[in-house]
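Coordinate-derived values only; no laboratory data. These numbers come from a predicted model, not from an experiment. Methodologically, a virtual Cβ is constructed for each residue, glycine included, from the backbone with ideal geometry; neighbour enumeration extends over all protein chains shown.
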Amino acid sequence: MPSTTISRGNILLNMILGVSLTPTALVASTTTAQNFTVPGLQLFDVITINLNGAQTAGVGIVNAYVSAANIMTVVFSNSTAGTPTPAAGTYVLTVDRSEYQPLPTNAL
C-alpha cells in the first residue's frame with residue numbers, strides 16, 4: 001500500500017538515547033573525528049548530541065553524524081595547546097529518521 005504522506009522527508013522516527021561514550025585524547029589545537037558503535041543507527045539518520053554533564057575544558061563537539069550503519073562519528077574540537085580527553089559519560093542523542101531516503105533537495 002502506498003504511503004499517504006508527501007515525500008518531503010517527513011519524520012518516521014524520533015527517539016532520545018542515553019549512550020555511554022569513552023572518547024580518546026585529542027591532538028593539540030585540532031578537530032578530531034571519533035567513531036562509536038550505537039546499535040540501530042541507520043545511514044541518513046539525523047542526530048544531535050549533548051553530554052549529560054560537564055565537558056572537559058577546551059573541548060567542544062562540532063559535528064555528529066551516522067557514518068555507517070550502527071556507527072556514529074563525533075567530531076571534537078580542542079582549542080588548547082594540550083592533549084585533553086573529552087569527558088567520558090552518558091551522552092544524550094536525539095535521532096530523527098526520515099520516512100524517505102535520500103532526502104529531497106528542495107521544499108517544493
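Here are a few things to note about the model shown:
- Sparsely packed chymotrypsin sites (Phe, Trp or Tyr not before Pro) within segment 1-106, loop by DSSP, other Cβ within 10 Å at most 16: 44, 100
- Once the chain from residue 70 to residue 34 is taken as fully extended at 0.36 nm per residue, the excess over their C-alpha distance is 11.6 nm.
- Net charge contributed by nearby residues that have their C-beta within less than 15 Å of residue 47 (K/R +1, D/E -1): -1
- Between the amide H of residue 41 and those of 70, distances stay under 5 Å, these residues lying 5 or more places away or on another chain, with hydrogens modeled in the peptide plane.
- Annotation: extensible slack from residue 15 through residue 54 equals 11.7 nm (criterion: 0.36 nm per residue apart, minus Cα-Cα distance).
- Cubic angstrom per residue, convex hull over Cα atoms of the chain: 113 Å³
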